[in-house]
Amino acid sequence: MSIPQSGGGPVENRAQLIEYLESGCKPKSTWRIGTEHEKFGYRLDTLTPLPYEGPGGIGEMLSGLMQFGWQGVYEGETLIGLVQDGASVSLEPGGQLELSGAALEHLHQTCDEVHTHLNQVETVAKELGNGFIGLGFSPKWTRDETPIMPKGRYNIMRQYMPTRGNLGLDMMFRTCTVQVNLDFQSEADMVKKFRVGLALQPIATAMFANSPFTEGKPNGFLSYRSQIWLDTDPDRTGMLPFVFDDGFGFEQYVDYALKVPMYFLHRDGTYIDVSGKSFEDLLNGKLTGLENEKPTQGDWADHLTTIFPEVRIKKFMEMRGADGGPWRGLCALPALWVGILYDQAALDAAWDLVKDWTEEERDRLRKEVPKTALATRFRNTTVGEIAAEVLKISRGGLAARQCKDRFGDDETHFLNALETIVEKGETAAEELLNAYHNEWNGNIEPLFREHSY
């Protein structure tokens, strides 16, 4: 989750909120790629999660990363994040370490960034006796065993989440994801990308399914992380069917976001609990006890980060449906979406693929994919067969970009890992389950040895 936003001046009316989103429109020549990924840290000797405090804790991990030029971000005197050259490292509620990458021109740079970050994390982790692993859901630890990070916003969310769903705390403390942030040229371009992204998000979820364990045992799902979002908070999650309505645009998304309950306001380094109150109430001076408080652009930016649909917009668009995973998947996820959304012919082909899918069909895919992934049935085909077509479209889009590295290779090879999964018809989750039931003899601990970064 994001580091607190600031600045931007007061917001007087709804039109300014619409203008905020509109200001994200960029010419194609300036489109960029921002990749975010989270991972679980643990002690190598005990396989227990990392607390914030104490020797080898997350606090020391952050301090150790500063040797590589990162600058600290503090909440009071507590180090809660790092920033460097447009990128940031931040803490998720249960100590998951997140890289929010810089806005980069092509996927070769993205993959270099991923490698650099994971090498830095590995260097510091080894010094402290820690390891890190990429999965969609915590494979071993109970919710009570999971530490709580010292960030004010999480205290507010921790109290509010259980009032809106049964699994919101599991989302906060025990999930990890990889996502990509991409640009749009105009409102019409945003709308088409939003619709394609939402329709195809369950297909991406299936390809990246990697969360089959809970507390050391199979949980009955291939993407349990995705299942958790179905019972987190209906006010701020889901497939947003209104995006497919005629006339959808920035204005309609603002109207949706205005009614989503807030969590907090951030003032002078302190979080004020306004959970359950809408941004619309804040804008209209109707927050009890805060009637004279004017919202700022920073408040709006913060609020937009607390809305969690499968695809969301801020001044860019976020693809949010994938489980965290192995090193190779952290480059494959942005490659998948860049290939589809950053080439017009590919975007048109993807829209042709999904444009006649009904709201009921999209919703059914979203609900069934967490359990059956690529084997999920859709009309007279399977998600695996749809995924093969989606990868073909993405590969064509990446090839058309003609972005080559110093060896003359274009960006298409970043899809190889996904193509292997789809050709085999076996997700990372199914590979892990096979190992668990066979060579691991029902013991979860080899997972850490064989699949950590």
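Keeping to region 391-409, report how many residues are part of a helix (DSSP H, G or I) and either acidic (D, E) or closer than 28 Å to A375 by Cβ (or both).
Restricting attention to region 391-409, the residues satisfying the condition of being part of a helix (DSSP H, G or I) are 391-401.
Filter once more, keeping what is either acidic (D, E) or closer than 28 Å to A375 by Cβ (or both): 391-398.
Summing the residues that are part of a helix (DSSP H, G or I) and either acidic (D, E) or closer than 28 Å to A375 by Cβ (or both) in region 391-409 gives 8.
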Practice task
For region 363-381, indicate whether the set of residues that are among the β-branched types (V, I, T) and either touching a strand residue (DSSP E or B) at 6+ places or on another chain (Cβ under 6 Å) or under 25 Å from F184 (Cβ atoms) (or both) is non-empty.
Solution key: no
Fill in the blank from the handout: Screening M190, M161 for residues that are part of a helix (DSSP H, G or I), within 19 Å of R225 (Cα to Cα) and either within 17 Å of the chain's Cα centre (by Cα) or in contact (Cβ under 8 Å) with a residue 40 or more places away in the chain (or both) leaves only M161
Exercise for the section: Select from region 212-238 the residues that are among the small types (G, A, S) and farther than 18 Å from E426 by Cβ and write down the one among them that is surrounded by the fewest Cβ atoms within 10 Å (Cβ to Cβ). Expected result: G216
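Listed here are the residues, each with its yes/no results for (1) of a type in the set (K, R); (2) in contact (Cβ under 8 Å) with a residue 60 or more places away in the chain.
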site: T288; (1), (2): no, no
site: H303; (1), (2): no, no
site: P309; (1), (2): no, yes
site: K315; (1), (2): yes, yes
site: M319; (1), (2): no, yes
site: L336; (1), (2): no, yes
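Within region 234-249, can you find the residues that are assigned to a loop (DSSP other than H, G, I, E, B) and either within 16 Å of the chain's Cα centre (by Cα) or of a type in the set (K, R) (or both)? Explain how you work it out, then say what you get.
Of all residues in region 234-249, those assigned to a loop (DSSP other than H, G, I, E, B) come to 234-236, 239-240, 245-249.
Once the filter is applied, which keeps residues that are assigned to a loop (DSSP other than H, G, I, E, B) and either within 16 Å of the chain's Cα centre (by Cα) or of a type in the set (K, R) (or both), region 234-249 yields R236, M239.
Which residues, taken from region 410-438, are assigned to a loop (DSSP other than H, G, I, E, B) and in contact (Cβ under 8 Å) with a residue 60 or more places away in the chain?
So the first thing to find is which residues in region 410-438 are assigned to a loop (DSSP other than H, G, I, E, B), and the list is 410, 425-427, 438.
Scanning region 410-438 gives a single hit, T427.
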Problem - Subset of region 65-88 [free of Cβ contacts under 8 Å to residues at least 40 places away in the same chain and either under 20 Å from R174 (Cβ atoms) or among the aromatic types (F, W, Y) (or both)] - result: W70, Y74
Practice task
Please go through region 265-278 and pick out each residue that is touching a residue at least 40 places away in the same chain (Cβ under 8 Å) and either in contact with a Cys (Cβ under 8 Å, 6 or more places away or on another chain) or under 20 Å from P234 (Cβ atoms) (or both).
Solution key: S275, G276
Fill in the blank from the handout: Of the candidates S186, S226, the one satisfying the condition of being in contact with a Cys (Cβ under 6 Å, 6 or more places away or on another chain) and under 30 Å from A349 (Cβ atoms) is S186
Problem - Search result, residues across region 124-146 that are over 21 Å from the mean Cα position of the chain (by Cα) and in contact (Cβ under 8 Å) with a residue 24 or more places away in the chain - result: V124, A125, E127, L128, G129, N130, G131, K140, W141, T142, E145
Handout entry: Considering residues of region 13-44 that are among the charged types (D, E, K, R) and loosely packed, with under 15 Cβ neighbours inside 10 Å only, the residue nearest to L447 (Cα to Cα)
Key = K28
Practice task
Evaluate region 45-64: report whether one residue or more is touching a residue at least 40 places away in the same chain (Cβ under 8 Å), buried (at least 19 other Cβ atoms within 10 Å of the Cβ) and under 30 Å from L341 (Cβ atoms).
Solution key: no
Practice task
Would you check if there is a residue in region 305-313 being in contact with a Gly (Cβ under 9 Å, 6 or more places away or on another chain) and closer than 12 Å to V180 by Cβ?
Solution key: yes
Practice task
Would you be able to say whether some residue in region 178-191 is touching a His at 6+ places or on another chain (Cβ under 8 Å) and buried (at least 19 other Cβ atoms within 10 Å of the Cβ)?
Solution key: yes
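Do we find that F279 is touching a His at 6+ places or on another chain (Cβ under 6 Å) and buried (at least 21 other Cβ atoms within 10 Å of the Cβ) in this structure? Show your work before the answer.
Values: touching a His at 6+ places or on another chain (Cβ under 6 Å): yes; buried (at least 21 other Cβ atoms within 10 Å of the Cβ): yes.
When the stated conditions are applied, F279 passes them.
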Completion exercise
Listed by range, strands (runs of 3 or more DSSP E) wholly within region 269-328 having at least 1 residues that are hydroxyl-bearing (S, T, Y) are 270-273
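Every read-out reported here was derived from the displayed coordinates using simple, explicitly stated rules and does not represent laboratory data. Being a predicted model, the structure only gives us computed values, none of them experimental. We place every Cβ from the backbone using ideal geometry, glycine too, and count neighbours over all the protein chains shown.
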